[in-house]
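Quick notes on the structure that follows.
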Amino acid sequence: MTQDNDLTRRDFVMAAGAVTAAAATAGAPAIQKVRAANDQVQYGIIGTGSRGTYLMKHLKDIETGRCIAICDIQEDNLKKGFDTIGSKPKVFKDYHELLALKDVEAVFVLTPLFVHYPLTRDALDAGKHVFCEKCLVFKPNEVHALRADAARHPKQVLQTGLQRRYSYFYQTVKQMVDKGILGDVHHIHAQWHRNMINKPSALWTMKPGGESNINNWRIYRSMSGGLAAELTSHQVDVSDWMFGSAPEFVMGLGSLDTLRDGRDVWDNIQLIYKYPKNQKLTYSSVSTNSFCPCFNGSRAEMAETIMGTDGTIEITVGDGPNNYEPRGNPCIAWWYREPPKTVTVGAAAAKKNEPFVAGATMVAAGGNVRPIPIMTSDLDFAKDDSFFGREARFARRWLTAKGILAQEEAKNPVDTELRSFFQNCRDGGTPRANLEIGMNDAIAVILSNLAMDEGRKVHFDEIEKMGLEPEKKRT
Ligand SMILES: NC(=O)c1ccc[n+]([C@@H]2O[C@H](COP(=O)([O-])OP(=O)(O)OC[C@H]3O[C@@H](n4cnc5c(N)ncnc54)[C@H](O)[C@@H]3O)[C@@H](O)[C@H]2O)c1
């Protein structure tokens, strides 16, 4: 009998006591500081559409920055942005005018993908720090151009909107991978499936005017990288992070089967990425079914499954809960242990094969593959191996598995990425989602679409020879 299966009152009281004691040592909530205006990073926002207003709901409560200007080419979105941020910023329809403001130290580029590069370039040239949503660039020539632009402005911060990098949960799992707790990790599977038939998303729905309507930008190749750019980009970034490098090549199949309303991006894609040490990411995004087999089917749409010889993690970022989305879905991660190695020679060998983390109390072995919810305190478990510490952590996981404790990320990774951006603007630190991370991500999207377009295996080093034509003409 494993302790995972039985909940007696005595067990509950003991475990709950351990949890309470552990929680008591976690520290009191931070008291929000009131900042002097000159202490705050004065920033502007270009693009006050869906993502812009979402980020503004987070930004308005971050005391280390102050929005002093916003820009959008659409009047209604500009008004929505003005009302959301609440700091009475100056408003512009032409972003050049916003960039001309001396007081603006930093700029958020939250526009459609096809204008990320020109806006980011102009903002860097105007001396601003830049937070540009993923993907950093749209076309191969922009890969080379932005690298050169950023090199000319080494003191300015350039961060991209890959918020999973700022999640304590994902950072915990990355440490588990790096410390070998999952054994050799060779496979990741990721999916982002949506049912756009039964639950249409306004962002992906055809609006009047077709390609000439900027609000249709997501569904036309002239402005968008389709599902690969909007969804895969987040998850291929997770895979790069966990495997510790960019892929070597990608192959895939994309097709437009159901949403045939004049759009020219695919409504379903399947991709396989091969990494240098023979690791693989298999990927799927479909638009007609939202079921997700992870977490016992309790969450829909997206997740990453990270598979090692000693265990598996299922993880998903979620979207809250927080002050703005009290009923949002929290980030969760479940850990499944592989059956222990079969022991063939004596007790000494059995001892040697003991699982790395295990107190006897938490082993769920012998074919029992019940998941162990990961708690963010796992980040410390290699350092603290006291009996009490192990028991407290076990109790938290166990109560979470029983649905008794909610598993939550202490801070929404979006808040963390925004706070971190302001901090880097002040102290010159390098963002977790920096130029290199953002560029690898953008390259993966460009090459995934090329692989599906041309029906061939596309090597990642091909990007270095792509998009050089304008430079050739000039020489
Ligand atoms: N990190 C994430 O999880 C995440 C989530 C959603 C969207 N995004 C990204 O955010 C970006 C914006 O997406 P969205 O959903 O907000 O799109 P959206 O269409 O809702 O908003 C884009 C806004 O940019 C404005 N715009 C277009 N060109 C402009 C220009 N030249 N100058 C000023 N404003 C201009 C549009 O009028 C619109 O209001 C995209 O790159 C998208 O991929 C990231």
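Computed from the coordinates by the stated procedures, all read-outs in this text should not be read as laboratory data. Just so it is clear, the structure is predicted and the values come from calculations on it, not from any experiment. Using ideal geometry, Cβ is built from the backbone for each residue, glycine included, and neighbour counts are taken over all protein chains shown.
What's log10 of I(q)/I(0) for the stretch 212-306 at q = 0.11, 0.22 Å⁻¹, Debye sum over Cα points only, no solvent? Debye output, listed in q order: -0.38, -1.17. Under 5 Å between amide hydrogens, built in the peptide plane, is the criterion, and for LEU136 it picks out ALA442 among residues at least 5 positions away or on other chains. Taking θ as phi - 60° and the Karplus parameters 6.51, -1.76 and 1.60, the scalar couplings of the stretch 121-137 work out to 4, 5, 5, 4, 5, 7, x, 9, 6, 10, 10, 10, 4, 5, 7, 4, 9 Hz in sequence order, x denoting glycine and proline.
Along the stretch 210-221 the Karplus relation, 6.51 cos²θ - 1.76 cosθ + 1.60 evaluated at θ = phi - 60°, assigns HN-Hα couplings of x, 5, 7, 8, 4, 6, 9, 4, 4, 9, 10, 5 Hz to successive residues, with x for each Gly and Pro.
Show me the ranking of peptides 106-112, 149-155 by mean Cβ neighbours inside 10 Å, starting with the highest.
My ranking of the peptides, most packed first, is 106-112, 149-155.
Under 5 Å between amide hydrogens, built in the peptide plane, is the criterion, and for VAL41 it picks out GLY65, ARG66 among residues at least 5 positions away or on other chains. Backbone amide hydrogens, once placed in the peptide plane, bring ILE70 within less than 5 Å of ILE45, LYS90, VAL91, PHE92, excluding anything fewer than 5 places away on its chain. Pairs of Cα atoms in the stretch 59-202 fall into 5 Å distance bins, from 0 up to the last occupied one, in shares of 2, 8, 13, 16, 16, 14, 13, 10, 5, 3, 1 percent.
Over the stretch 37-164, calculate the relative contact order: mean separation of alpha carbon pairs under 8 Å at least 6 apart, over the residue count, as a percent.
Reported as a whole number, the value is 22 percent.
For the peptides 42-50, 91-99, 219-227, the ranking by packing is 42-50, 219-227, 91-99, with the highest mean count of neighbouring Cβ atoms within 10 Å listed first. Here is the size of the stretch 51-92 from its Cα atoms: Rg then Dmax, 9.5, 28 Å. Calculate the tail of P(r) for the stretch 164-229: the fraction of all Cα-Cα distances greater than 18 Å, expressed in %. That fraction is 60 percent. Shape class of the stretch 136-269 from the alpha-carbon gyration tensor: oblate, with a/c at 1.5 or above and b/c at least as large as a/b. Entry for the stretch 48-119 at q = 0.14, 0.18, 0.22 Å⁻¹: log10 I(q)/I(0) = -0.38, -0.66, -1.01, Debye formula applied to identical alpha-carbon scatterers, no solvent contribution. Here the Karplus curve 6.51 cos²θ - 1.76 cosθ + 1.60, taken at θ = phi - 60°, turns the phi angles of the stretch 424-432 into couplings of 5, 4, 7, 10, x, x, 8, x, 4 Hz, with x standing for Gly and Pro.
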